[in-house]
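These notes concern the structure reproduced below.
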Amino acid sequence: MVKLRVYLRPMKLEDAKLVSNWYNDPETRKYMSTVVRGYTYYPRDIKKEIKENNPKEEQWLMVCLKSNGKPIGQAGIDELDFLDKRGEIFFLIGDKAEKGKGYSHETIRLLLDFAFKKLKLNSLYATATVKNIPSLKVLERAGFRKIGVRREYNYIGGKFLDEVLYDLTKKDYRKLYRK
């Protein structure tokens, strides 16, 4: 088993400034959903969302380094549906000094454990624009299967970009991670 260098913890109000900085960075938010890239976020906005967060609909987590506890990203599961046991994962390594070090893959692994073991979900999905090559590679490496493409779904940088849809079931997870 691979030794993980990060852990996930629930978001706290004191994370708001850091998360708003990541959300407002043009390069970081470039391929994110319109919920993020379409707005300017202030710490008060993030604090309000943390306070109003309904864990039955969405789980917000911080990605932190085990070595020093430093938050380097955000992740979670939204579109939670406990009746049909499904949700959508999202992940972001916002600390530019920590990008490209494999933390996204570790984050997804932790999200899968959280989703399938703790939340008892059966199916997860994820999306990424075709230009977000790092996210596409991370999802595929984690075992997500490409299930479709939303053609010209996102308008980014003056161009319409396709969005790739992925999914992973609990059966896939057990087979891939021998759980």
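Restricted to region 3-32, and to residues that are assigned to a loop (DSSP other than H, G, I, E, B) and touching a residue at least 24 places away in the same chain (Cβ under 8 Å), which residue is surrounded by the most Cβ atoms within 10 Å (Cβ to Cβ)?
Per the stated criteria, the residue is M11.
Does G148 satisfy the condition of being under 23 Å from P55 (Cβ atoms) and in a strand (DSSP E or B)?
no
Of the conditions (1) free of Cβ contacts under 8 Å to residues at least 40 places away in the same chain; (2) under 20 Å from Y31 (Cα atoms); (3) among the aliphatic types (A, V, I, L, M), A128 satisfies every one except a single condition; which number is it?
The failed condition is (1).
Give region 92-118 a look and list any residue that's crowded, with 20+ Cβ neighbours inside 10 Å and without any contact (Cβ under 8 Å) to a residue 40 or more places away in the chain, or say none.
I93, S104, I108, A115
With the condition kept exactly as written, say whether any residue in region 142-159 is of a type outside the set (V, I, T), surrounded by 13 or more Cβ atoms within 10 Å (Cβ to Cβ) and touching a His at 6+ places or on another chain (Cβ under 9 Å).
yes
Just one of (1) surrounded by fewer than 15 Cβ atoms within 10 Å (Cβ to Cβ); (2) closer than 25 Å to Y153 by Cα; (3) modelled with pLDDT of 95 or more; (4) of a type in the set (A, V, I, L, M, F, W, C) trips up V35, so point out which.
(3)
Take the conditions over 20 Å from N132 (Cα atoms), hydroxyl-bearing (S, T, Y) and in contact with a Pro (Cβ under 8 Å, 6 or more places away or on another chain) and apply them to S20. Does it pass?
yes
Can you go through L168, L121 and tell me which one is assigned to a loop (DSSP other than H, G, I, E, B), modelled with pLDDT of 95 or more and buried (at least 18 other Cβ atoms within 10 Å of the Cβ)?
L121
Of all residues being small (G, A, S) and more than 9 Å from the chain's Cα centre (by Cα) in region 74-106, which is farthest from L121 (Cα to Cα)? Just the residue, please.
Applying the filter and picking the extreme gives A97.
Within region 38-62, restricting attention to residues that are touching a Lys or Arg at 6+ places or on another chain (Cβ under 9 Å) and in a strand (DSSP E or B), which residue is farthest from L121 (Cα to Cα)?
M62
The values are calculated or read from the model by the stated rules, or taken from the named source; none is laboratory data. These figures come from a predicted structure and were not determined experimentally. Backbone-built Cβ (ideal geometry, glycine too); neighbour counts: all protein chains shown.
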